[in-house]
1. Being surrounded by fewer than 21 Cβ atoms within 10 Å (Cβ to Cβ), modelled with pLDDT under 70 and over 23 Å from residue 122 (Cα atoms) narrows it down to one of 51, 56, so name that one.
2. Being of a type in the set (D, E, K, R) and buried (at least 16 other Cβ atoms within 10 Å of the Cβ) is the filter here; which residues of the range 10-29 pass it?
3. Among the residues that make up the range 153-160, is at least one of them assigned to a strand (DSSP E or B) and at negative phi?
4. Which of the residues belonging to the range 150-161 are at pLDDT below 95 and open to solvent by less than 20 Å² (accessible area, probe 1.4 Å)?
5. For residue 123, all conditions in the list (1) modelled with pLDDT of 90 or more; (2) in a strand (DSSP E or B); (3) open to solvent by less than 30 Å² (accessible area, probe 1.4 Å) hold save one; what is the number of the exception?
6. Take residue 133 and decide whether it is in contact with a His (Cβ under 8 Å, 6 or more places away or on another chain), touching a residue at least 24 places away in the same chain (Cβ under 8 Å) and open to solvent by less than 60 Å² (accessible area, probe 1.4 Å).
7. Against the conditions (1) open to solvent by 40 Å² or more (accessible area, probe 1.4 Å); (2) at pLDDT below 75, where does residue 40 fall short? Just the number, please.
8. Residues in the range 73-81: is at least one farther than 19 Å from residue 175 by Cβ, modelled with pLDDT of 85 or more and part of a loop (DSSP other than H, G, I, E, B)?
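The values are calculated or read from the model by the stated rules, or taken from the named source; none is laboratory data. Since the model is a prediction, treat every value here as computed from it, not as a measurement. Note that each Cβ is placed from the backbone with ideal geometry, even for glycine, and that neighbours are counted across all protein chains shown. Side chains are part of the model used for accessible areas, which takes the heavy atoms of the whole protein and leaves out ligands, DNA and RNA. Shrake-Rupley method; radii C 1.70, N 1.55, O 1.52, S 1.80 Å.
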Amino acid sequence: MMRRLPRERPAEPPRGYQLAHPVLAEDCGRIGFAGITTGGAQPYGVVDEARCQYGRRHRAPALRCDCGFSCLHTFAQALALARSGTHRRAAILEIAVLGPYIRFERGMRHARQRVRVARIAPCGCGRPPEIFVDAGWGRTGWRVLSGSCGDCAAGHGQVSFEDFVRIGGGRLRVLPGHRDTEPAHPGPEAVGGRRDARR
């Protein structure tokens, strides 16, 4: 007989970390993020709800399906993944897990989430990013953005971190560069983010 794990009742929404590419809609009226996994073809918003990418009618996350948002438990896990050759240009997102979730050894699959902090990858030259530029690829209706220093951004389509936050509704913080350790609280260099007691 299978034993069920006790149901969790956290006092506040759990936090997790995921990798994604910042995106801007072609009409410049919306921002979002394109994940690095199967569901990455459909960008998601700062606050969003998962849907089964296989078109099944169940609610995500389902036990017998791999649908739903996914995140890692720790910043260190996300940083190690970001440093792999495939995902060096992706941002590290800190998210609040909302709604039902399934916990695994290294992370969770969950129904809803809110992106709290986006840590933007360093410029291709290695310097801290100062602005977004068009990465040269995208999804249907969306342009992928990557972080760039001021010098390397010259001659490219540019979007400031401030404008990115503003288009997203102001509840997001943007931090330049991946760090070796996770700061307890975003410092003064963080862009955007309203103080909000709601999770």
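1. Working: 51 fails: modelled with pLDDT under 70.
Exactly one residue qualifies, and that residue is 56.
2. As a first pass, look at the range 10-29 and keep what is of a type in the set (D, E, K, R): 12, 15, 26-27.
15 - this is the single residue of the range 10-29 that is of a type in the set (D, E, K, R) and buried (at least 16 other Cβ atoms within 10 Å of the Cβ).
3. Restricting attention to the range 153-160, the residues satisfying the condition of being assigned to a strand (DSSP E or B) are 158-159.
Next, from what is left, pick out any that are at negative phi: 158-159.
Scanning the range 153-160 turns up at least one residue that is assigned to a strand (DSSP E or B) and at negative phi.
4. Within the range 150-161, just 153 meets the criteria.
5. The number of the failed condition is (2).
6. On the way: in contact with a His (Cβ under 8 Å, 6 or more places away or on another chain): yes; touching a residue at least 24 places away in the same chain (Cβ under 8 Å): yes; open to solvent by less than 60 Å² (accessible area, probe 1.4 Å): yes.
Yes.
7. (1)
8. Yes, the range 73-81 has at least one match.
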